[in-house]
Every structure is written in C-alpha cells, then in structure tokens.
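Report on the following structure.
FYI, it's all coordinate maths here, none of it is from the lab. Just so we're clear, the structure is a prediction, and the values are computed from it rather than from any experiment. Counting neighbours? That spans all protein chains shown, and the Cβs are built from the backbone with ideal geometry, glycine included.
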Amino acid sequence: MFYCREREMRDLNKRYNRGEFECIVIYGRRRVGKTALINEFCKDKPTIFFSALNASKKENLEAFSKAICEKEHPGTDLAPVYTSFDAAFTKITQMAENERLVLVIDEYPYLAKASKSISSRLQHIIDHTWKNGKLFLILCGSSMSFMEYQVLGYESPLYGRRTGQFKVQALSYKEIKEFNPSLTEEQQAFVYGITGGIPHYINKLAVGDDVDEALKDNLFNTSSYLFEEPENLLKQELREPAIYNSVITAVAGGASRSNEIATKVGIEAPICAKYLKVLLDLGILIKKTPITEKPGKKTVYAIGDNFFKFWYRFVPQNTSSISAGRIEHIYDSVIKKHYADYMGRIFEQMCREYLFLYAIDVPVLLSDIGQWWGTDSKHKKEVKIDIVGTPAEGNEYIIGSCKYKNEPVGIDELELIKEYAEVFGKGNKYHYYIFSKSGFTNGLKELAERGEVRLVSLEDMYK
C-alpha cells in the first residue's frame, strides 16, 4: 500500500501535466520512501527507470542501456549497449520527441561516483537539447550531503538546471496511523518511537494487533531484517562501519559533546569530528542547541533517527539473550519495563510536531519550536524546558512540559514551568502548555478552565 505522500504526488503530477521539460531532484535519507514515491508517480506514465549501481562506469552504462531497451522492448534479454552515456542520452532525446517521457535516475550519487563527468554531460544536454523539449527528468539520491552540495549546490554543474526539488521527510507521528489504524493511541505513539516515521521500518515491523509480539518476531530476532538493519546500513554507506558504530554507541550511552565522544571511542577529537559530520549528513545524528541561542558551548550531539535510537538502546546490551533465543524469558523484565522511560523523549518530539503541524488556536504564530536548557543562577541548578515556541512576530512565547507517565499531571508541574520560564527570561508574555499521556488532576483542569494553561492529552494529539 502507498500512504501519506499526497502533497508530493499532487505537485509531481501538476508539473507533469504542464508538458514542459522538468528536472526534479528528489532526495532524503535511505528507507524514507523516495523510490516508492517515484514508482507511484510513474506507474501510469511512459518511463525509463534506471537505478544506478555502486559499481564501475562500464557496468552502469550496461544497466542504463538495458533500462532504455526495456522501455521500447519490454521483457527482452538482448539489450544493445550504447557506446557512451552521450549516445544513450541521444537515444532518450529521440524517444521523448514522440511522447511525454519520464527518465528516472535513482541512486544518482552512485552514477556520479562511477562517471565523474556525468553531471557535466547532463548539464550540456539539458542546456542544448532537453530544456526545449518535454522530457521529465528525475534525479534521486539517498546521500544527503551529495545531493545538497553536488547536485543542488552552487558549484555543481547542475546548479540552476533543476526545476523543482523534494526533500522527502519521515512521516509525522500522526501520519503513520494509516499503516495500523486499529491500534490505540499509546500503541501508535510507541510504533512512532520505534520507527521514527520511516515507512520501510513500519512495514518491516509488521504490527498486527500486538506491538510486543511484532518486536519479538521482527526486531529481537537474529533472523529478522530489522535486527541487522543498523549494521547493514553502516556497511552499505560507510568505509569504516566499526568506528561509526562505536561513535553511535558512545552517543547512545550518554556522551553528547565531541570531546566526550572521542574519549569513549578512543580517537582524537579532530578525527572524531569527521566521523560525526558524516553521521550528521546521514541524519543518524543531530546537533542540538538551546532554542534562541547560537551554536556554541551548549551544543550537543544526539541520535536523531528514532529507529537507531531504539535499536542502540535495547539491542546491543541484550544481544547474547536474543542470539540464544531467550527473548521470551527477558522481554518483560529486562526490555519492556524501560519503554516508558524511552518514550519520554519521543513524546517531547511528538508534542513539538503537534504544536507545529496540527494544533488549532495556537496563540502564537510560531517561527520555530524546540528545547531550551540553561543554568538557574538563583537556585544554582540546571533547568530544561521541553518546549519553547518562538514567535514569528511579537514577543510572546509558548512554554510547554511533556509528561509520559502513568499518573495524572498536577498543579505542581505548572508552577515548575512558570519558574523555568523566569530562568528562560525572554519575551513579555508566556502561554503555557502541558502535555500528558495519562491526563490531569482536577486542580490543574480548573486552572485550565480559567485560561492559565492549555492541557493536551495523548488522545487529543490524535484527534
């Protein structure tokens, strides 16, 4: 099934129906659903679909030639190999004279690696031939840094040739409900916490009515696809997967600053910085800075990919038991009991998505939303505010708290975030939000009725 990409499909079809030359760049992290989006778009259109190989120029030219022949003679085994990519492009030009043709080059970074001049060759034929025709060209890639710098970037030969670009993002917590509509809100949130809204992982998790059983069968199982996914992805993308694994393990274990991570891994800080940059480019790690502040001493590293976050939290330390087939014996007592703690940070992420994407009657037009942390000099302690929403205009802020616990939240939480708002110290008015998995006390509800705070339950977030 194909879910949740209606906007992208609408925009692609609108461009296709114009009948003019298009050069569309589609990119995003691996597994996010780029190829599925392209396949859905192309399924009723004349298409040459070429998925580049992580191989030599010769092998890629052979595969490209076969893709062209497959369009003209479906099912044939005898595909002529063109003498060059220029010759192949000339053939595509001839084919596009008679019909609106879609040319997809998937995994474009592989082709660019194999043929160093391919971007310049595409630039030349776009400028001199294709721009006046009706070809619909799609360049797709999973290497975020390559696509942003070597395709979209100013120094790329292809700079200025694109007519549109789509950075395909993971699905939001609310969008993934379409995959398993029968689950409760708490189960939906947990699936989001495991998969991070990556459609491929949601499908591989294969949740029926029981998330726990799906995890035992499809993640905490040495024969399952998801059990080896992080390791396989690192091997596929990187030359030194073992070191990258150590870096991610260090971050998962609580190291958040470059020097701390380097010390845990056992490498020098400048070398560690290079590994960190690659993991940032892949979207596995993220940098976090208190909102409203510039990157600096307070900037920390964290795992930004929820699947990697979940896997590194629960799999490595239990690998021996999983390998021995003892998951049933340890699941409840060793693994499941920590889920609520793990979901605390995920819930914060969901609450920020809710305010930015779904909430109605938000009193502040938000320009950004994030966390803030700093020092309370009066009480000499560090404080953290789960949600700070900054205004697009004016001087009013949203201050929020997120509680993923099994008991209702009370008045003391409102008093606490008011105290933290004073430490934050920006703006002339604050609008308070409290999010809770398990509801609120009557006392806090009374304050909400008087307009002192807005209360949002997990159920409210899915309405």
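Key figures for this structure:
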item	result
Phi-based couplings in Hz for region 383-391 (Karplus 6.51, -1.76, 1.60; Gly and Pro marked x)	10, 9, 9, 4, 9, 10, x, 9, x
Percent of Cα pairs exceeding the 24 Å cut-off, where the set is region 235-336	31 percent
Asn442 versus Leu416: modelled label distance in nm, points set 7 Å from Cα along the beta carbon direction	2.3 nm
Size descriptor, Kirkwood hydrodynamic radius, that averages inverse alpha-carbon separations across region 157-228, Å	13.7 Å
Inter-centroid distance (Cα atoms) of region 129-208 relative to region 71-106, Å	27 Å
Region 372-446 and region 281-302: distance between their alpha carbon centers, rounded to Å	21 Å
Proxy reagent accessibility, fewest Cβ within 10 Å first, across Phe64, Phe179	Phe179, Phe64
Charge sum, other residues only, whose C-beta stays under 9 Å from Ser115's C-beta, Lys/Arg counted +1 and Asp/Glu -1	+4
Per residue Cα convex hull volume in Å³ - calculated over region 350-462	105 Å³
Volume of the Cα convex hull of region 349-410, divided per residue and given in Å³	129 Å³
Three semi-axes of the equivalent ellipsoid, region 6-167, Cα gyration tensor, whole Å, largest first	21, 19, 16
Percent of beta bridges antiparallel (DSSP, the chain, rounded to nearest 5)	35 percent
Loop-located GluC sites (Glu not before Pro) in region 247-343, at most 14 other Cβ atoms within 10 Å (DSSP)	Glu268, Glu293
Per-residue Cβ neighbour rank within 10 angstrom, fewest leading, Met9, Met144, Met350	Met9, Met144, Met350
Over the chain: helical MRE at 222 nm, DSSP H runs n ≥ 4 each giving -39500 (n - 2.57), nearest 500	-12500 deg cm²/dmol
Approximate shape of the chain as ellipsoid semi-axes (Cα gyration tensor, √5λ), whole Å, largest first	44, 26, 23
Neighbour-count ranking [beta-carbon atoms within 10 angstrom, fewest first] of Lys264, Lys43, Lys34	Lys43, Lys264, Lys34
